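The values are calculated or read from the model by the stated rules, or taken from the named source; none is laboratory data. Here the structure is a predicted model, which means the values were calculated and not measured. Here the Cβ positions follow ideal geometry from the backbone for every residue, glycine too, while neighbour counts run over all protein chains shown. Note: areas computed on protein heavy atoms with side chains; ligands, DNA, RNA excluded. Shrake-Rupley method; radii C 1.70, N 1.55, O 1.52, S 1.80 Å.
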Amino acid sequence: MSTPETSRYVRIRVELVLEIDDEEAVTGAALQSLADDADLPDAERAHAEHAVTEDTAEALAHLVDPFDLVSAVPGIELRQASWSSEQIDYDPDSPEWDLDEDDDDENDPEDDEMTVG
């Protein structure tokens, strides 16, 4: 359903926690991706190669492309994307890592209201 009051834009927020079992494989894949990018200027390539070599999280951020997540979805065009990665301490049993922490109370009737602006 599309009305003049309904926005055509949707923001999807995704948070992933990945365990890296082979840092060399991740770094190597990032370096290969940089080597294969013929359009990348030499100065930018040198900076990116240094970054992915020094930080596995940076290498992973270079390899993960939000466009790949949605490119096969019909009827959409990716307009903007941003992402970052960082090394973290992870304890899956900690309440800090509760995947539902951002969800509001399902029984809250106000959650069923739609705001049109």
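Brief remarks follow.
- Among the chymotrypsin sites (Phe, Trp or Tyr not before Pro) within region 4-104, those in coil by DSSP and having at most 13 neighbouring Cβ atoms inside 10 Å are Y9, W83, Y90.
- Whole-Hz Karplus values for region 19-25 come out as 9, 8, 8, 9, 4, 5, 5 Hz, taken residue by residue from phi with 6.51 cos²θ - 1.76 cosθ + 1.60 and θ = phi - 60°; glycine and proline positions read x.
- Ranking R45, R79, R8 by solvent-accessible area of protein heavy atoms (1.4 Å probe, all protein chains present), from largest to smallest, gives R8, R79, R45.
- Across region 1-86, C-alpha contacts under 8 Å between residues 6 or more apart give a mean separation that, scaled by the residue count, equals a relative contact order of 23 percent.
- Within region 58-77: backbone nitrogen closer than 17 Å to the I12 label point (7 Å, Cα to C-beta): 64-77
- Take the Cβ atoms of E77 and D22, set R0 to 30 Å, and the FRET efficiency comes out at 0.30.
- Low-density loop cleavage sites - GluC sites (Glu not before Pro) in region 51-87, where at most 13 other Cβ are within 10 Å (DSSP): E77, E86
- With every protein chain in place and a 1.4 angstrom probe, the accessible-area ranking of D22, D39, largest first, reads D39, D22.
- Surface composition of region 8-76: carbon plus sulfur atoms hold 51% of the accessible area, using a 1.4 angstrom probe and ignoring ligands, DNA and RNA.
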